[in-house]
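Asker: Would you mind keeping the following structure in view while I ask a few things?
The values are calculated or read from the model by the stated rules, or taken from the named source; none is laboratory data. Only a predicted model underlies this, so the values are computations on that prediction, with no experimental measurement involved. Methodologically, a virtual Cβ is constructed for each residue, glycine included, from the backbone with ideal geometry; neighbour enumeration extends over all protein chains shown. Each accessible area value is taken on the protein alone, full model and side chains, heavy atoms only, with ligands, DNA and RNA left out. Shrake-Rupley method; radii C 1.70, N 1.55, O 1.52, S 1.80 Å.
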Amino acid sequence: QVQLVESGGGLVQTGGSLRLTCAASGSILRINAMGWYRQAPGKQRELVAVITRGDSTVYADSVKGRFTISRDNAKNTVYLQMNSLKPEDTAIYYCNANIATPTNVWGMDYWGQGTQVTVSS
């Protein structure tokens, strides 16, 4: 019913940039908070950045000043601009969104399938 599709991952050198995109589709009444998480091999999934419907943002300390999260409510899309990438940013990046639907008007969390980001040294 609701699907999140990510794109924009890939291989980049240290210091490079990538822009991730996540588009939500389906029976959507409203999208509340949207965010990006990442999971590196052997590590737990961690929050990277989150943005509320009102455009308030929160970032992990490790990405502050380098990553920027934004959203386009008209397109049901969230973006993550990643600059000055480091090898430690290498991970699978997952999109998350709290979405209200006709069957759950208060909203529930949905996840994308993940997109690989690899930063070479």
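Asker: What is the percent carbon and sulfur in the accessible area of the stretch 31-83, measuring with a 1.4 Å probe over the protein chains and ignoring ligands?
Answerer: 46
Asker: May I pose another question? List the residues, sorted by chain then number, that are 5 or more residues from Phe67 or on another chain and whose placed amide H is less than 5 Å from its amide H.
Answerer: Asn83
Asker: To continue, here is another question. About its Cα centre, how strong a charge dipole does the stretch 29-121 have in debye, to the nearest 20, once Lys and Arg get +1 and Asp and Glu get -1 at the Cβ?
Answerer: With Lys and Arg at +1 and Asp and Glu at -1, about 60 debye.
Asker: Looking at the chain from every direction and averaging, what is the projected area of its Cα convex hull in nm²? Before the final figure, lay out the partial values.
Answerer: Working: hull surface 28.4 nm².
One quarter of the hull surface, i.e. the mean projection, equals 7.1 nm².
Asker: List the residues, sorted by chain then number, that are 5 or more residues from Ala33 or on another chain and whose placed amide H is less than 5 Å from its amide H.
Answerer: Arg53, Asn98
Asker: Rounded if a/c is under 1.5, else prolate if a/b is larger than b/c, else oblate: which is the stretch 41-108, with a ≥ b ≥ c the root eigenvalues of its Cα gyration tensor? Write out the running numbers ahead of the final one.
Answerer: Details: a/c = 2.49, a/b = 1.65, b/c = 1.51.
It is prolate, given that a/c is not under 1.5 and a/b is the larger ratio.
Asker: List the extent of the Cα atoms of the stretch 21-60 along each of their three principal axes, largest first, rounded to whole Å.
Answerer: Principal-axis extents of the stretch 21-60 (Cα, largest first): 37, 24, 15 Å.
Asker: With every protein chain kept in place and ligands, DNA and RNA left out, what is the accessible area per residue of the chain? Probe 1.4 Å, answer in Å².
Answerer: 52
Asker: Defining a contact as two alpha carbons under 8 Å apart and six or more residues distant in sequence, what relative contact order in percent does the chain show?
Answerer: Once divided by the residue count of the chain, the mean separation gives 36 percent.
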